[in-house]
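*Asks:* The following block contains the structure, expressed as structure tokens.
Bear in mind that the values in this text are calculations on the coordinates, not laboratory data. Because the structure is predicted, anything quoted here is derived from the model rather than measured. Note that each Cβ is placed from the backbone with ideal geometry, even for glycine, and that neighbours are counted across all protein chains shown.
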Amino acid sequence: MNFKVTDNVTYIGVDDKTLDLFESQYEVPDGMAYNSYVVKDEKIAVMDSVDARKTYEWLDNLAKALDGAAPDYFVVQHVEPDHSGSLKAVCEKYADMKVVGNAKTFSMLGQFFDLDLTGRTVVVKDGEELSLGKTSLKFYTAPMVHWPEVMMTYYAADKLLFAADAFGKFGTLDAEDDEGWACEARRYYFNIVGKYGAQVQAVLKKLSACEIAVICPLHGPVLNENIGYYVDKYNTWSSYEPEDKGVTIAFASIHGNTAAAARRFKEILESKGAEKVSLFDLSRDDMAEAIEDAFRYDRLVLMAASYDAGVFPPMLMFANKLVAKGYKNRKIAIVENGSWAPSAARTLKPIIEQLKDITLAEPVVTIKSSLKESDIPNLEKLADELVK
Ligand SMILES: Cc1cc2nc3c(=O)[nH]c(=O)nc-3n(C[C@H](O)[C@H](O)[C@H](O)COP(=O)(O)O)c2cc1C
Ligand SMILES: [Fe+2]
Ligand SMILES: [Fe+2]
């Protein structure tokens, strides 16, 4: 699908509607867009390619946008295969085209692809510009947003930022998104980039001198109004500040009793005035949504059945994901369930202790097999601690 972003910039990305899981783990009910752009001045630059699943559709889009011309430069902002998967094909098709990247780009490209770029590379450094004639592209390295070689590109002529994976979201461009940009952009951010908040902060700071009217990310829609809103969201997310007040309950239940306790605990929290309580069954719901809400809200409740002297595996996976994504600066409560020797809490505690700036809410509540009325006072106490 091609469309004009500005007079000089054309969108040439593709929608992938049949992908089962993005990065082999994220559900994409609305598919995924791999974005790519052409910048036309006296010289022509192509910004990134698309996943190998869509090479031919993308090459067609590119040919249409070029309208008989040949591209001079291909800019690799990110080597990950969802963006470089069609690089070899485009390099073969346009033999005079130079490939622009930084030093890390080229060492990593060689690891992924059998590609001879001898005499065709343009190595750029942070802050360096590439003239296209009257206008130019300026490169800003953005290490670890999301990989070490990532760079963003500022096109001052149009006050336009090519933002690599930043400001992206799940879903194709034509997907109806009633929830608005933030919902799927937040799920994308925390699951994919979440660990690298400090690096996102660093690049936002670096870019603060650039006036930005348009953001062209590598996934999701082109953003061309209300830029402050999107930058604010990224500022909040990357600083690990909770975005909203609320409680996320994530539970892992084998036979349904911990699930019933979780539903009851939700009611108790709501009756005590919790602003928002969101509930996730870690065995069945999208775990990436649970991660998203855990980061979105300021309090998190982990409720889990004990399992083989440990914790039921869906919870183990969730807790380890919190560690992997650098979860911090929140209050966490634990409710465990066990039938003979409850072990969920003592398994979860050392994992949570790896997280920074976490307060463990007291008491840790233990349920024996199923929730009894005699357990309610303990849950009430924990709820009071969470809503106070
Ligand atoms: C494979 C398996 C292993 C279990 N291991 C333990 C255990 O080590 N300690 C314990 O107290 N309960 C153990 N349980 C019991 C569960 O914790 C029990 O299902 C739970 O207390 C009831 O909650 P639920 O209905 O949410 O699953 C185990 C259950 C299963 C099926
Ligand atoms: Fe990426
Ligand atoms: Fe990507």
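*Asks:* Can you list which of the trypsin sites (Lys or Arg not before Pro) found in region 275-355 are DSSP loop residues with at most 13 other C-beta atoms within 10 Å?
*Replies:* R284
*Asks:* Suppose every K and R has +1 on its Cβ and every D and E has -1 on its Cβ; what is the size of the dipole of the chain about the Cα centre, in Debye to the nearest 20?
*Replies:* About 1120 debye.
*Asks:* Here is a follow-up. When we measure straight from the Cα of K88, which lysines land under 28 angstrom away, once same-chain ones fewer than 8 places off are left out?
*Replies:* K4, K17, K40, K43, K54, K64, K98, K104, K125, K138, K169
*Asks:* With each pseudo-label sitting 7 Å past Cα toward Cβ, what's the Q201-A103 distance in nm, one decimal?
*Replies:* That separation, rounded to one decimal, is 2.7 nm.
*Asks:* With runs of 4+ DSSP H residues as the only contributors, calculate the mean residue ellipticity of the chain at 222 nm using -39,500 (n - 2.57) per run, divided by the residue total and rounded to the nearest 500.
*Replies:* -9500 deg cm²/dmol
*Asks:* Can you tell me how region 3-238 classifies by the Cα gyration tensor, rounded, prolate or oblate, using a/c under 1.5 as the rounded cut?
*Replies:* Because its axes are fairly even, with a/c under 1.5, region 3-238 counts as rounded.
*Asks:* Evaluate the Kirkwood expression for the hydrodynamic radius of region 153-267, namely the inverse of the mean inverse distance over all pairs of different C-alpha atoms, and round to one decimal in Å.
*Replies:* Final number for the Kirkwood radius of region 153-267 is 16.1 Å.
*Asks:* Give the Debye-formula value of log10 I(q)/I(0) at each listed q (0.16 Å⁻¹), with one equal scatterer per alpha carbon of region 244-387, two decimals each.
*Replies:* One equal scatterer on each Cα of region 244-387 leads to -0.74.
*Asks:* Compute the length gained on full extension between K349 and A52: take 0.36 nm times their separation in residues and subtract their Cα-Cα distance, giving the result in nm to one decimal.
*Replies:* Full extension of this stretch gives 102.7 nm more.
*Asks:* Turning to a different aspect of this structure: Taking R0 as 30 Å, what's the FRET efficiency between K388 and A324 from their Cβ-Cβ distance, rounded to 0.05?
*Replies:* 0.50
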